[in-house]
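Step one of this worksheet: look at the structure below.
The values are calculated or read from the model by the stated rules, or taken from the named source; none is laboratory data. Treat the numbers as computed from the prediction; the structure is a model and nothing was measured. Glycine also receives a Cβ, built like all others from the backbone with ideal geometry; neighbour counts cover every protein chain displayed. We work out accessible area using only protein heavy atoms, side chains counted, and drop any ligands, DNA or RNA first. Shrake-Rupley method; radii C 1.70, N 1.55, O 1.52, S 1.80 Å.
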Amino acid sequence: MQRDVIENFVLDNREAFDDAIPSLKVWADIDRKLNKRSSSSPLTVQRFFKLAAAVAAILVVGGIGGSMFTRWQQSDPVAIIEQVNPEYPELEQYYRQQISTKVQQLARFEPNGSFMADMKKMDQVMAELKEELCVAPKGQEEEIIATMIQTYQTKVAILERVLEQMRSSKPQPKKTTSNEEVSL
């Protein structure tokens with residue numbers, strides 16, 4: 001009911017309200033309050049968006065940098081091998097020495113071309129395994145390194161068998177010079 005009284009008063013005196021002009025002090029207060037509101041609110045929102053943009057930029061740059069670092073680090077098979085299996089370099093050196101010794105011994109017997117082609121294929125397999133190691137999913141590195149070690153073991157075993165066959169079939173090995181090139 002209170003509301004009806006006020007509405008009726010406003011409706012009855014509407015023309016009187018329309019003629020009245022507020023003083024300059026009232027307009028100045030209104031202007032000051034509007035400026036205060038507009039200056040504080042947008043700056044707070046503007047600061048928030050600037051801060052959000054800065055955080056997003058930092059995250060993007062960090063993500064790209066981390067991704068590039070990870071790719072760079074994963075592209076080095078030696079680093080991956082040492083991280084996954086620290087004993088591998090020592091094993092590799094041992095097997096390379098064994099292979100080198102056996103190849104030198106075989107060089108005295110003049111092995112046939114097909115055997116040496118097989119040895120080169122095994123070298124290619126090793127190179128492919130190292131490349132695969134760079135792109136392997138997390139957790140499969142150990143399996144690839146085990147395969148690499150197994151390939152070295154197989155190569156040594158094959159060289160030993162061929163040496164045994166050569167020794168039993170040819171009692172007189174040819175003499176070699178110490179300058180002959182030996183492939184691993």
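The lone criterion from (1) loosely packed, with under 11 Cβ neighbours inside 10 Å; (2) at pLDDT below 85 left unmet by Gln124 is number (2). Screening the range 78-107 for residues that are open to solvent by 90 Å² or more (accessible area, probe 1.4 Å) and among the charged types (D, E, K, R) and picking the one that is farthest from Val135 (Cα to Cα) gives Glu90.
For the range 83-97, the tally of residues that are touching a helix residue (DSSP H, G or I) at 6+ places or on another chain (Cβ under 9 Å), assigned to a helix (DSSP H, G or I) and not aromatic (Phe, Trp, Tyr) stands at 6.
Just name the residue that is farthest from Glu90 (Cα to Cα) out of those in the range 135-156 that are touching a residue at least 24 places away in the same chain (Cβ under 8 Å) and open to solvent by 30 Å² or more (accessible area, probe 1.4 Å). Among residues in the range 135-156 that are touching a residue at least 24 places away in the same chain (Cβ under 8 Å) and open to solvent by 30 Å² or more (accessible area, probe 1.4 Å), the one farthest from Glu90 (Cα to Cα) is Val135.
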